[in-house]
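Some notes on the structure that comes next.
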Amino acid sequence: MTKRKQSLKQPISFKQNVRDLVIYNYLESIKNTLGKSNYMKNLVEKDMRKKGLWKDEYDD
């Protein structure tokens with residue numbers, strides 16, 4: 001029997017307002033080049049580094 005990897009997906013909700021629509025459209029525009037998931041991970045990593053929460057051991 002094969003074990004499945006646990007999904008780490010976190011849904012992002014978008015309300016129907018101009019701000020969220022602009023953000024959603026931007027994410028849609030980058031999905032074929034960088035990818036939404038990689039973009040979000042990069043943003044979170046930058047934020048963690050800025051706050052001193054990122055450890056050098058996390059880098060490959």
(request) Taking DSSP loops as anything outside H, G, I, E and B, show the longest stretch in the chain free of chymotrypsin sites (Phe, Trp or Tyr not before Pro) there with at most 16 other beta carbons within 10 Å. (result) 15-53
(message) So, for the chain, what is the accessible surface per residue at a probe of 1.4 Å, expressed in square angstrom?
(response) 105
(request) Note down the nm distance, to one decimal, between modelled labels 7 Å out along Cα→Cβ at L43 and at I23. (result) 0.6
(request) Please report, in debye to the nearest 20, how large the charge dipole of the chain is about its Cα centre when each Lys and Arg carries +1 at its beta carbon and each Asp and Glu carries -1 there. (result) 280
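For the chain, take the alpha-carbon Rg, divide it by the Kirkwood Rh, and send me Rg/Rh.
1.08
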(message) Running a GNM on the chain with Cα contacts under 10 Å, which residue among N17, N25, N38 ends up with the highest mean-square fluctuation?
(response) N17
(message) Multiplying the sequence separation of T33 and K51 by 0.36 nm and subtracting their Cα-Cα distance, what value in nm do you get?
(response) 3.7 nm
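The values are calculated or read from the model by the stated rules, or taken from the named source; none is laboratory data. Here the structure is a predicted model, which is why all the values come from computation and not from measurement. With ideal geometry, Cβ positions are generated from the backbone for all residues, glycine too; neighbour counts draw on all protein chains shown. All accessible areas refer to the heavy atoms of the entire protein, side chains included, with ligands and DNA or RNA removed. Shrake-Rupley method; radii C 1.70, N 1.55, O 1.52, S 1.80 Å.
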